[in-house]
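The values are calculated or read from the model by the stated rules, or taken from the named source; none is laboratory data. As the structure is a computational prediction, the values presented were derived from the model and not from experiment. Neighbour counts run over all protein chains shown; Cβ positions are idealised from the backbone, glycine included. Surface accessibility is based on the protein's heavy atoms, side chains included, excluding ligands, DNA and RNA. Shrake-Rupley method; radii C 1.70, N 1.55, O 1.52, S 1.80 Å.
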Amino acid sequence: MRRPQRRVAAKQSRLREADEIRLLDEWIDAGKPLPGTKPPPLPSKSAGPVAASGDGEHPEYGACKQFDELPLSQKTKDALRKAGYTEMSEIQRAALPHALCGRDVLGAAKTGSGKTLAFVIPVIEKLYRERWGPEDGVGCIILSPTNDLAGQIFEVIRKVGKFHNLSGGVIVGKRKGIEEEKARMNSLNILVCTPGRLVQHFNETANFDCSQLQMLVLDEADQILDHGFRSQVDAIISQIPRVRQTLLFSATQTKSVKDLARVSLKDPEYISVHEEARTATPDTLEQYAMIVPLEQKLNMLWSFIKRHLNSKTIVFLSSVKQVKFVFEIFKKLRPGIPLKCMHGRMKHEVQQAIVADFNETTSVLFSTDITARGLDIENVDWVVQVDCPESIDNYIHRVGRTARYNKKGKALMFLCPEEERMLEKLKATGSKIPIHIRKPKAEQLEQISQNIASVLVKFPNLQQLGKRAFVTYLKSVYLQKDKEVFDLSRFSSENFAAYAASLGLPVTPNIRFISHKKNVVKKDMDDIDMKQMKSSSKPEVIINPQVNRDLIEDDGDDDILCPKKPTADTNTDDGLDDILRPKESTTDTNTKREKVTELGRPLKKKKLKINVHRPMGTRVKYDDDGNAIPPLASVAEEVASEAVVHKDKISQRYAEMLREMREHDKEDKLQHNKSLREKKLQKKVKLKRKRQETETGSDEDSHSESDRGRNASSNGKKYFDSDDEGDDAVKDGDVLAQQEALALKLLSKMHS
Ligand code: ADP
Ligand code: MG
């Protein structure tokens with residue numbers, strides 16, 4: 001098409017869009033359901049479609065059953081049809097009409113019932129109707145508890161937003177590529193992120209601006225509002241506008257008023273489509289439990305896998321070490337089906353690759369609870385819970401990885417006789433979780449302890465891992481909150497010995513934390529991936545120090561791949577995490593740590609004490625005895641050698657300087673913020689004008705407000721102009737502000 005023709009086409013399309021948006025706005029307003037109403041139950045198939053009421057132009061959409069009947073943009077309707085979505089699920093029927101007309105929603109529905117579309121569609125529609133463009137910045141934030149779930153949500157956004165001109169990003173994982181990410185943050189319209197990573201940007205990204213935010217979505221809302229994410233969520237809420245639309249979704253919804261108050265919902269619609277349902281788990285799910293003594297669990301698991309070689313299975317274990325150990329051992333024993341493992345200590349890319357691979361292949365995935373929430377993996381046949389879930393909610397989410405969206409699935413849970421109380425708890429749900437008890441069949445049980453012991457002899461590094469698996473399992477039981485179910489004192493020392501033997505260990509490892517309860521250190525918690533949700537939100541803590549050798553099968557854990565130098569306490573393994581513990585260098589440590597005197601006696605180098613609370617970027621100086629000298633003291637000393645400076649005078653001077661700087665700082669900050677705002681506004685106007693010019697040509701008049709289209713243009717997605725002088729000014733301003741903050745910190749320290 002020639003240029004003038006292109007311009008005309010662009011203008012026409014913009015006008016069409018403006019018309020569509022006007023009509024949609026009118027329809028949404030005129031046909032909206034009354035607050036607090038639910039759609040009527042669907043009629044039987046023979047009864048025909050649900051009649052839409054209201055006037056012909058703006059029919060009520062609270063009762064419709066197909067996406068096409070909703071007041072959605074043509075672009076969204078086309079994308080939904082293309083993705084194969086036509087009929088709405090129950091939660092979509094109930095939540096979409098309320099969410100589309102701008103109400104806050106607290107939605108609960110079973111696992112695999114289609115909650116993602118119930119929030120993705122309103123997000124895209126809202127931004128479209130607001131004519132959100134590149135220069136408008138962040139319009140919606142979606143929080144997910146895990147990296148992989150965030151990735152999956154983003155894929156759904158991609159599908160539904162296929163024909164729209166919106167931008168988005170997944171902000172998860174470690175800090176790699178952070179600078180590039182920082183540079184793009186303000187140009188993304190939809191952010192899907194884990195809470196920790198978002199807070200990181202609020203803290204570190206200069207200019208990161210969410211002041212125009214329209215929507216906040218919390219998927220797996222009960223977990224996001226749980227104490228693990230408390231401080232991060234509070235930090236996020238404090239940074240975004242109070243006036244916004246908020247959507248909360250989960251299969252196990254929070255009912256805590258306090259929690260809800262934290263996200264300040266406004267007259268929310270409580271939508272719980274399966275509350276009156278017979279069961280809390282999918283109807284298509286068959287559920288079984290089996291009482292299995294601790295020392296028989298691995299035999300039972302092995303026998304199960306051997307009998308289900310054509311099934312796609314997820315196996316849940318309670319700790320990272322358990323997952324690694326069982327995976328490594330079973331891999332060596334070759335059951336005849338591909339095996340995979342997944343836990344929170346892996347890099348995000350590795351996790352992604354594993355989920356993608358598991359999606360495709362019939363295999364067994366050993367996992368911690370990192371995969372328990374939200375993940376939508378195709379055609380999982382079985383969920384096997386080798387270690388008891390920490391709660392009923394945890395049970396519901398784990399088994400929810402199968403039997404998704406009307407598909408069939410089965411779940412099996414092993415319970416130690418000591419954990420039988422869990423069964424009572426499940427029964428106490430009033431048959432909401434219909435679980436059948438199965439007796440293990442002795443003749444089907446293959447004993448593999450001897451085989452495991454032989455593997456450990458052949459691969460001594462696995463012995464170390466086995467010890468840790470043993471200890472961390474007991475720790476996980478010990479640390480569980482629900483003491484009615486998890487009580488380590490119910491296990492005898494014979495139980496422990498038999499369990500150790502079942503892991504192929506020649507001796508029962510020391511379990512120090514049981515006899516010295518007070519000594520359970522915080523690090524112990526980190527061995528357990530129950531807390532992986534928290535760790536995923538603090539990615540900088542999980543440092544995987546080894547180069548990854550095999551992205552899929554191993555996360556590069558040095559336990560297995562790089563034998564460690566034996567240390568003094570090798571025999572008293574406490575199961576502490578090797579990642580958190582400082583590593584011994586593989587080079588000769590003696591040459592590094594000790595200086596050999598002429599007499600041949602090692603002379604220990606004096607340890608230098610560094611004040612870890614010192615302001616960032618300051619240089620620490622030491623005196624001859626290795627003590628840190630306060631900043632500026634060395635300068636003061638030099639001065640003092642010429643003329644004695646009175647101590648009181650120095651601190652008085654510091655106090656004065658501090659006061660002056662604080663005052664200046666305040667003024668500077670105000671000035672700085674003001675100029676930033678102005679520059680941003682100018683930049684926005686400039687960008688907008690530039691875009692409109694490229695769309696319709698500079699010869700056209702500037703458009704009226706209703707004429708501001710957001711039609712896709714080839715350069716519409718170029719959001720950053722690195723030559724923009726505004727940006728440079730901002731950077732300079734920030735460096736200045738940082739330097740002043742540093743000086744202030746230094747001075748306050750000196751003064752105190
Ligand atoms: P939930 O979040 O409730 O656990 P998801 O949103 O992950 O469930 O959806 C589960 C599966 O159902 C996904 O594979 C999704 O593609 C499919 N799905 C969702 N809504 C529909 C629909 N209306 N029609 C067909 N499939 C759907
Ligand atoms: Mg979900």
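Every test in (1) touching a Ser or Thr at 6+ places or on another chain (Cβ under 7 Å); (2) surrounded by fewer than 22 Cβ atoms within 10 Å (Cβ to Cβ); (3) in contact (Cβ under 8 Å) with a residue 60 or more places away in the chain; (4) not polar (S, T, N, Q) is passed by Ile240 save one, and that test is (1). Within region 192-200, is even one residue closer than 25 Å to Gln92 by Cβ and not in a loop (DSSP other than H, G, I, E, B)? Yes, region 192-200 contains at least one residue that is closer than 25 Å to Gln92 by Cβ and not in a loop (DSSP other than H, G, I, E, B).
For region 456-499, what are the residues that are touching a Gly at 6+ places or on another chain (Cβ under 9 Å) and surrounded by 20 or more Cβ atoms within 10 Å (Cβ to Cβ)?
Correct list: Leu456, Leu462, Gly466, Lys467, Arg468, Ala469, Phe470, Val471, Thr472, Leu474, Lys475.
On the basis of being open to solvent by 20 Å² or more (accessible area, probe 1.4 Å) and closer than 25 Å to Ser231 by Cα, does Lys174 make the cut? Spelling it out, Lys174 is indeed open to solvent by 20 Å² or more (accessible area, probe 1.4 Å) and closer than 25 Å to Ser231 by Cα. Would you call Val192 more than 30 Å from Ala10 (Cα to Cα), within 16 Å of ligand 2 (Cβ to nearest atom) and open to solvent by 20 Å² or more (accessible area, probe 1.4 Å)? No: the conditions fail for Val192. Inside region 362-380, residues that are charged (D, E, K, R) and away from ligand 1 (no atom under 13 Å from the Cβ) make up a count of 1.
All conditions in (1) within 16 Å of ligand 2 (Cβ to nearest atom); (2) aliphatic (A, V, I, L, M); (3) in contact with a Pro (Cβ under 8 Å, 6 or more places away or on another chain) hold for Val233, with the sole exception of (1).
Specify the residue that is most open to solvent (accessible area, probe 1.4 Å); the eligible residues are those in region 70-127 that are away from ligand 1 (no atom under 14 Å from the Cβ) and of a type in the set (Asp, Glu). The residue in question is Asp78.
If we scan region 406-428, do we find a residue that is of a type outside the set (Phe, Trp, Tyr), farther than 18 Å from Asn310 by Cβ and within 16 Å of ligand 1 (Cβ to nearest atom)?
If we filter region 406-428 for residues that are of a type outside the set (Phe, Trp, Tyr), which is where we start, we get 406-413, 415-428.
Next, only the ones that are farther than 18 Å from Asn310 by Cβ stay: 406, 413, 415-428.
Now restrict to residues that are within 16 Å of ligand 1 (Cβ to nearest atom): 406.
The answer is yes; a qualifying residue exists.
Yes or no: region 501-514 includes at least one residue that is over 28 Å from the mean Cα position of the chain (by Cα), polar (S, T, N, Q), at pLDDT 95 or above and open to solvent by less than 40 Å² (accessible area, probe 1.4 Å). Yes, because at least one residue in region 501-514 is over 28 Å from the mean Cα position of the chain (by Cα), polar (S, T, N, Q), at pLDDT 95 or above and open to solvent by less than 40 Å² (accessible area, probe 1.4 Å). Restricting attention to region 242-276, the residues that are within 16 Å of ligand 2 (Cβ to nearest atom), modelled with pLDDT of 90 or more and not β-branched (Val, Ile, Thr) add up to 6.
Among the residues of region 33-67, those that are open to solvent by 70 Å² or more (accessible area, probe 1.4 Å) and either of a type in the set (Phe, Trp, Tyr) or at pLDDT 55 or above (or both) comprise Leu34, Pro35, Lys38, Pro41, Leu42, Ser44, Asp55, Gly56, Glu57, Glu60.
Quick one: how many residues across region 89-111 are within 16 Å of ligand 2 (Cβ to nearest atom) and in contact with a Gly (Cβ under 9 Å, 6 or more places away or on another chain)? Full working, then the answer.
To start, the set of residues in region 89-111 that are within 16 Å of ligand 2 (Cβ to nearest atom) comprises 89-92, 94-96, 99, 105-111.
Then keep just the ones that are in contact with a Gly (Cβ under 9 Å, 6 or more places away or on another chain); that gives 89-92, 94-95, 99, 110-111.
Result for region 89-111: 9.
Looking at this structure, is Glu443 touching a helix residue (DSSP H, G or I) at 6+ places or on another chain (Cβ under 6 Å), acidic (Asp, Glu) and either without any contact (Cβ under 8 Å) to a residue 24 or more places away in the chain or closer than 30 Å to Thr111 by Cβ (or both)? So Glu443 fails the test.
Exactly one residue out of Arg158, Arg131 is in contact (Cβ under 8 Å) with a residue 24 or more places away in the chain, outside the structural domain of Asn394 (by TED's automatic domain parsing) and open to solvent by 30 Å² or more (accessible area, probe 1.4 Å): that is Arg131.
For region 175-185, state whether one or more residues are outside any loop (DSSP other than H, G, I, E, B), within 23 Å of Arg242 (Cβ to Cβ) and at pLDDT below 95.
Pass one, region 175-185, residues outside any loop (DSSP other than H, G, I, E, B): 178-185.
Those left that are additionally within 23 Å of Arg242 (Cβ to Cβ): 185.
Still in the list and also at pLDDT below 95: 185.
There is at least one residue in region 175-185 that is outside any loop (DSSP other than H, G, I, E, B), within 23 Å of Arg242 (Cβ to Cβ) and at pLDDT below 95.
Taken over region 368-382, residues that are more than 16 Å from ligand 2 (Cβ to nearest atom) and either in a loop (DSSP other than H, G, I, E, B) or surrounded by 24 or more Cβ atoms within 10 Å (Cβ to Cβ) (or both) amount to 3.
In region 390-405, the residue that is farthest from the chain's Cα centre (by Cα) out of those that are of a type in the set (Gly, Ala, Ser) and surrounded by 24 or more Cβ atoms within 10 Å (Cβ to Cβ) is Ala403. Take the residues of region 171-220 that are within 16 Å of ligand 1 (Cβ to nearest atom) and under 22 Å from Pro134 (Cα atoms): which is nearest to the chain's Cα centre (by Cα)? By that ranking, first place goes to Val192. Considering region 429-455, the residues that are assigned to a loop (DSSP other than H, G, I, E, B) and farther than 21 Å from His308 by Cα include one that is least open to solvent (accessible area, probe 1.4 Å), namely Ile433.
Inspection of region 161-179 finds a residue satisfying the criterion of being more than 16 Å from ligand 2 (Cβ to nearest atom) and at positive phi.
Looking at Val457, is it within 16 Å of ligand 1 (Cβ to nearest atom) and either under 30 Å from Leu117 (Cβ atoms) or of a type outside the set (Asp, Glu) (or both)?
Taking the combined requirement at face value, the residue does not satisfy it.
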